[in-house]
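The values are calculated or read from the model by the stated rules, or taken from the named source; none is laboratory data. All values reported here derive from a predicted model rather than from experimental measurement. When we count neighbours, we look across all protein chains shown, and the Cβ atoms used for this are built from the backbone with ideal geometry, even at glycine. Note: areas computed on protein heavy atoms with side chains; ligands, DNA, RNA excluded. Shrake-Rupley method; radii C 1.70, N 1.55, O 1.52, S 1.80 Å.
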Amino acid sequence: MRFVCKDQQLTRFQELLFGSPPFSSWMLSEREVELLTNYYGLVLKWSKILPLTTVIEPSQFIKRHIYESLFINDCLLPLITSIWDLGSGVGIPGLVLAILRPNIEVILVDMQKKKSIFLQEVVDTLQLINVRVENSRIEKLSLLPLNSSITARAVERMTEMIPCFFQIGQQSSQFLLLGGGGLFSVIYSQLPKNMCLKVSNIPESESRFLFSITSST
């Protein structure tokens, strides 16, 4: 399954990955870099026919997608046994977390059939046995299990979906939501009484934040 980097974008991507970001405690292994490079190659391939992301250039893809995923990875609670990536789209942060945490089940949820097909091809190509793709609307999901973490960063109508997140995540241990500063007031107004909110600046970004929500009990 080794990816031979003949493309300049892939070569540059791989070179950049070996320089780990200063904010993360996670040092990428050769195996993880290989899998992430394979993933990036599939993004390049599919982006020719499907609008997955406007951020394609290697350094920008790493900064916006991979580094944000590493930041989320550092924030995962030790008790988490499953990650539900809602509105997964291009597969961020779910696919990166699945590569970094092979012992945690990752469910990629997306309502668009074509994007779900893309996600499944990534899962099959990279042989990620801990990942499941759900082609479903978020509203149709059942109550998520105990010790689960909900992630979301590019969900359509994000602010309107916050109540739904809390509804399906009544048993979840953690919510890791990414977005702009305007998301704070929406989350705070809907925050369940037994949950507490922590807001962190995403490294190397002045306008994006991680909203970490955990049980206060």
Charge tally in the Cβ shell below 15 Å around Trp46, where Lys, Arg are +1 and Asp, Glu are -1, Trp46 excluded:
+1
On a 0 to 90° scale, report how tilted helix 113-126 is relative to the longest principal axis of the chain, with both axes built from alpha carbons and the result rounded to the nearest 10.
60
With every protein chain present, what is the per residue accessible area of the chain (1.4 Å probe, Å²)?
48
Where nothing but the Cβ of Lys and Arg (+1) and of Asp and Glu (-1) is charged, how large is the charge dipole of the stretch 16-130 around its Cα centre, in debye to the nearest 20?
340
Within the set of other residues whose C-beta is less than 12 Å from the C-beta of Asn135, count the net charge using Lys and Arg as +1 and Asp and Glu as -1.
+4
Given the rule -39500 (n - 2.57) for each run of at least 4 DSSP H residues, summed and divided by the residues of the chain, what is its mean residue ellipticity at 222 nm, to the nearest 500 deg cm²/dmol?
-11000 deg cm²/dmol
Among Ser88, Met27, Tyr39, whose Cα sits farthest toward the positive end of the charge dipole of the chain (+1 at Cβ of Lys/Arg, -1 at Cβ of Asp/Glu, about the Cα centre)?
Ser88
How far is the Cα center of the stretch 43-95 from the Cα center of the stretch 198-217, in Å?
16
In terms of the alpha carbon gyration tensor, root eigenvalues a ≥ b ≥ c, rounded if a/c is under 1.5 and otherwise prolate when a/b exceeds b/c or oblate, the stretch 71-143 is oblate
What pairs in Lys114/Lys140; Lys48/Lys198; Lys114/Lys193 have C-alpha atoms more than 30 Å from each other?
Lys48/Lys198; Lys114/Lys193
Expressed as a percent, the accessible surface of the stretch 46-107 that is carbon or sulfur, using a 1.4 Å probe and the full set of protein chains, is 57
Excluding Leu108 itself, what net charge comes from residues whose Cβ is under 13 Å from its Cβ, given Lys and Arg +1 and Asp and Glu -1?
-3
Taking only C-alpha pairs under 8 Å that are 6+ residues apart, what is the relative contact order of the stretch 85-193 in percent?
26
For a test of the definition: using alpha carbon positions, the gyration tensor, and the 1.5 limit on a/c, classify the stretch 81-217 as rounded, prolate or oblate.
prolate
Whole-Hz ³J(HN,Hα) for each residue in the stretch 96-108, computed from phi via Karplus 6.51 cos²θ - 1.76 cosθ + 1.60 with θ = phi - 60°, x for glycine and proline: what do you get?
5, 5, 5, 5, 6, 10, x, 8, 10, 6, 10, 10, 9
